[in-house]
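Heads up: the structure comes next, in structure tokens.
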Amino acid sequence: MHIEELKIDGYEKVVRCEDKATGLKAIIAVHNTNLGPAVGGTRLFPYASEEAALTDVLRLSRGMTYKSSLAGIDFGGGKSVIIADPKDKTPEMLKAFGRFVNTLGGIYICAEDVNTSPADMEIVYTETRHVAGLNKDGGDPSPFTALGVVESIKATATKLDIPMSKLSVAIQGVGHVGWYMTEMLRGMGTTVYITDLRTNLVDELVSKTGAIAVKPEDIMTLECDILAPCAMGATLNDQSIPALKCKAIVGCANNQLAEMRHAKMLQERGILYGPDYLVNAGGIINVFFERKPQGYVQADAEQACRDIAKTLTRIFDKAEAESMTTAEAADRLAEQRFLAHRVQMVG
């Protein structure tokens, strides 16, 4: 196994690993540990290049610092990526990844993410104890992420002065989180439009919940109250924003804004934006409660996920009062916490 450290300004530690015996190619990025160990999922994806993988892991790890800070939990920000096609994933590769994580001595704790699962983390756990989201603890974080997103949608609906029974939500991507969101929203009488490249999932969810299927190419321009991006990031960009026909955006996808300036574009169009790293913080909140010394209490984790709505309302109010975008307001609140903690530690 060959491990190499990469010097990246603004990051505490970035390391890449290649293990020819198992086919593992991975990068771990630790952005900030002021509040505690860096915690973030392990994304397995067939990136077009190592440069693309590095860009993704750096962006995601920074987002985790802000996410944990704004969620009020004592974790820092980190992320890892494995450069591979999901069909090539093997137990040997996951074990090698566990050994890679273990070399960092606990400053980074991994968990499931895109194309990895709690079962995969159980395999990683055989080589390192620095793993969260295991089946024996909180397990799959998707229901908790979905809970936080739905509570955020409810807070946004209140801001828009639309009752949940009259609300329409368009969900782009019905993986685990989008699936739970659809079930929860339909239970409130909300009209839900769904799309996914996996049409079998869409058909099953339509049959189960009464959601309305939409073609993938039509979801971003659908006329609705709230658009919920729940697939890959950077969907809010120069091309998509002018064509939007929604009143607000509240979804679980990471890095929905292609660039920070796109928050201003949304504001200028009168579209209310729920900052994604707050809205989707339910999963990391659950991980935090898993690791409490007194043991895991699911009800406490669920309540903390519901409290995301209070923070989102605070952000809406701050942005309005101080004439800034909601993305800027979220960043300022997050920075107040993790930067202040650093000053206390140093001082």
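Given the DSSP H assignment, sum -39500 (n - 2.57) over each helix run of at least 4 residues in the chain and divide by its residue total; what's the result at 222 nm in deg cm²/dmol, nearest 500? Kindly include the intermediate steps, with their values, before the conclusion.
Details: 12 runs with 149 residues, N = 347.
Roughly -13500 deg cm²/dmol at 222 nm, from the helical runs in the chain.
Go through segment 176-240 and name the trypsin sites (Lys or Arg not before Pro) that are in a DSSP coil and have 13 or fewer other Cβ atoms within 10 Å of their Cβ.
Sparse-neighbourhood loop trypsin sites (Lys or Arg not before Pro): ARG198.
Using the Cα centre of segment 196-347 as the reference point, and only Cβ charges (+1 on K/R, -1 on D/E), how large is the resulting charge dipole? Debye, rounded to the nearest 20. Don't jump to the answer; show the numbers that get you there.
Values: 17 positive and 21 negative charges, 81 e Å.
That gives segment 196-347 a dipole magnitude of about 380 debye.
If you keep only loop residues by DSSP, which trypsin sites (Lys or Arg not before Pro) in segment 103-165 have at most 15 other Cβ atoms within 10 Å of their Cβ?
ARG129, LYS136
Would you mind giving the average projected area, over all directions, of the Cα convex hull of segment 190-291 in nm² with one decimal?
Projected over every direction and averaged, the Cα hull of segment 190-291 covers 7.5 nm².
More than 20 Å apart: what percent of Cα pairs in segment 172-230 qualify?
12 percent
Can you pull the three principal axis extents for the Cα set of segment 81-133, in Å, largest first?
Over segment 81-133, Cα extents along the principal axes are 30, 18, 18 Å.
Taking a ≥ b ≥ c as the square roots of the eigenvalues of the Cα gyration tensor of segment 245-347, is the shape rounded (a/c under 1.5), prolate (a/b larger than b/c) or oblate?
Because a/c hits 1.5 or more and a/b fails to exceed b/c, segment 245-347 counts as oblate.
Which entries in LYS13/LYS95; LYS87/LYS215; LYS154/LYS245; LYS166/LYS208; LYS20/LYS79 show an alpha-carbon gap greater than 24 Å?
Details: LYS13/LYS95 22 Å; LYS87/LYS215 26 Å; LYS154/LYS245 19 Å; LYS166/LYS208 20 Å; LYS20/LYS79 22 Å.
Cα-Cα > 24 Å for LYS87/LYS215; rest within.
What distance in nm separates the two pseudo spin-label positions at MET232 and HIS2, each 7 Å out from Cα along the beta-carbon direction?
If labels sit at MET232 and HIS2, their model points lie 2.8 nm apart.
Determine, at each q value in 0.15, 0.16, 0.21, 0.22 (inverse angstroms), the log₁₀ of I(q)/I(0) that the Debye formula gives when each Cα of segment 74-216 is one equal point scatterer.
-0.86, -0.92, -1.16, -1.22
Give the angle, between 0 and 90 degrees and rounded to the nearest 10, that separates the Cα long axis of helix 176-187 from the longest principal axis of the Cα atoms of the chain.
30 degrees
Using 0.36 nm times the number of residues separating ASN102 and ARG332, minus their current alpha carbon distance, what extension gain do you get?
Values: separation 230, 0.36 × 230 = 82.80 nm, distance 3.33 nm.
Gain in length upon complete extension: 79.5 nm.
Exactly which trypsin sites (Lys or Arg not before Pro) in segment 4-89 are in a DSSP loop and have at most 14 other Cβ atoms within 10 Å?
LYS7, LYS20
Report, largest value first, the span of the C-alpha coordinates of segment 25-118 along each principal axis, in whole Å.
Projected onto its principal axes, the Cα set of segment 25-118 covers 37, 24, 21 Å.
Hey, of [x] 20.4; [y] 21.2; [z] 27.0, which did the structure itself give for Kirkwood radius over Cα pairs in Å when calculated?
It is the one labelled [x].
How charged is the neighbourhood of PRO46? Take every other residue with its Cβ under 15 Å from the Cβ of PRO46, and add Lys/Arg as +1 and Asp/Glu as -1.
Around PRO46, the surrounding residues sum to -2.
With a bin width of 10 angstrom, please list the P(r) values of segment 1-159 as percents of all Cα-Cα pairs, from the 0 bin to the one holding the largest distance.
Calculated over all Cα pairs of segment 1-159, the distribution is 11, 41, 35, 11, 2, 0 percent.
Name the residue farthest towards the positive end of the dipole of segment 218-284 from the options CYS224, ILE284, MET265, assuming +1 on Cβ of Lys and Arg, -1 on Cβ of Asp and Glu, about the Cα centre.
The residue sitting farthest along the positive end of the dipole is MET265.
The numbers here are math on the coordinates, done by the rules we state, and not lab data. Keep in mind the model is a prediction, meaning the values are calculated, not measured. Glycine also receives a Cβ, built like all others from the backbone with ideal geometry; neighbour counts cover every protein chain displayed.
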